[in-house]
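Here is the structure we will look at.
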Amino acid sequence: MPDSQTLSAKIRPLDRAFFSRDPRRVARELLGKVLVRDAGRKRRTARIVEVEAYLGEKDPAAHSAAGNTARTSVLFGPPGHAYVYFIYGNHYCLNVSCEPAGQAGGVLFRALEPLTGVEEMARDRGLEIHDPKNPAINDLIKLTSGPGRLSEAFAITRVRDNGCDLTSSASSLWIGEEIGDDRYRARGIRTSRRIGITKAVDKPWRYFLNGNPFVSRVPAKWRLSE
DNA sequence: ATATCGATTATCT
DNA sequence: GATAATCGATATG
């Protein structure tokens with residue numbers, strides 16, 4: 001049996017209650033979990049290593065600060081659904097809605113560690129894996145280290161995925177957990193300011209796995225894990 | 001290692 | 001009309 005299937009058999013979707021909470025709590029606990037894309041012949045999976053929490057209407061940096069509009073309605077809907085937006089005329093970014101229906105909040109996916117379907121990711125990124133049998137880490141980092149990059153690697157677009165239920169393995173895109181996957185948090189979780197925003201810049205609501213090489217924009221002094 | 005810039009469009013003021 | 005939850009390329013120290 002191919003590796004991708006032995007691995008996928010151990011993954012089960014997170015339930016909706018997981019996401020029906022404060023985005024800061026959800027963000028922290030998403031680290032080490034797995035994003036799954038079921039499309040085409042080969043399943044793509046990657047471990048979640050960096051996320052950011054965006055609170056509801058009271059967080060000036062959140063898209064939901066503008067209120068419940070056509071663009072942000074998913075953030076105000078039931079938890080566990082994909083909020084996908086297009087930014088800078090170039091990139092899609094993936095979030096999962098949090099808090100109970102009626103209350104806004106979400107978590108932005110900022111970086112993943114590729115596990116399976118690596119060649120499919122490379123194809124959609126327009127990149128080449130030098131040695132597909134034994135990919136160099138520098139090749140893998142370019143696939144999913146950054147919110148725009150990971151969206152492209154998972155072929156995520158607004159038309160295809162906005163509003164998708166991420167708690168169902170029947171969806172083409174979903175979030176799963178494995179037994180004992182909290183061990184990926186054993187080296188610790190770091191926090192920092194959120195990236196690329198101009199409002200509420202002081203809030204430390206970016207979360208990432210300490211020492212993980214797939215995390216984007218790590219300050220030089222943190223480059224080596226402690 | 002850090003800084004700056006262009007690409008390109010949805011959304012809001 | 002300005003800005004944006006980014007990326008990749010180029011320039012500079």
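Just so you know, all these numbers are worked out from the coordinates, no wet-lab data involved. As the structure is a computational prediction, the values presented were derived from the model and not from experiment. Don't worry about glycine lacking a Cβ; one is built from the backbone with ideal geometry, like all the others, and counts go over all protein chains shown.
Please identify, among A:Ser171, A:Ser64, A:Ser145, the residue showing maximal mean-square fluctuation in a Gaussian network model of chain A using a 10 angstrom Cα cutoff. Result: A:Ser171 has the largest fluctuation of those listed.
Charge dipole of chain A (Cα centre as origin; +1 on each Lys and Arg Cβ, -1 on each Asp and Glu Cβ, all else neutral): 440 debye, rounded to the nearest 20. Charged neighbours of A:Gly126, selected by a Cβ distance under 14 Å, balance to -2 (K, R count +1; D, E count -1).
Dipole orientation for region A:1-154: of the candidates A:Leu14, A:His130, A:Val36, A:Leu14 has the Cα lying most toward the positive pole (charges on Cβ; Lys, Arg +1; Asp, Glu -1).
Based on Cα contacts under 8 Å between residues 6+ apart, chain A shows a relative contact order of 26 percent.
Extent along the principal axes, Cα only, for region A:21-109: 40, 30, 22 Å, with the longest axis given first. Ordering A:Asp161, A:Asp139, A:Asp131 by the number of other Cβ atoms within 10 Å of each residue's own Cβ, fewest first, gives A:Asp131, A:Asp139, A:Asp161.
GNM, chain A, Cα, under 10 Å: largest mean-square fluctuation among A:Ala111, A:Ala53, A:Ala200? Comparing A:Ala111, A:Ala53, A:Ala200 in a Gaussian network model of chain A, the most mobile one is A:Ala200.
Per residue, chain A reaches -5000 deg cm²/dmol at 222 nm when only DSSP H runs of four or more residues are counted, each adding -39500 (n - 2.57).
Looking at the P(r) of chain A, how many percent of alpha-carbon pairs lie beyond 33 Å? Everything past 33 Å amounts to 10 percent. Taking 1.306 mPa s as the viscosity and 10 °C as the temperature, the Stokes-Einstein diffusion coefficient of region A:128-226 based on its alpha-carbon Kirkwood radius rounds to 98 µm²/s. For A:Ile189, the residues whose modelled amide H falls within less than 5 Å of its own, excluding neighbours fewer than 5 places apart on the same chain, are A:Asn210.
Solvent-free Debye calculation, one equal scatterer per alpha-carbon of region A:97-139: log10 I(q)/I(0) at 0.16, 0.19 Å⁻¹ equals -0.56, -0.65.
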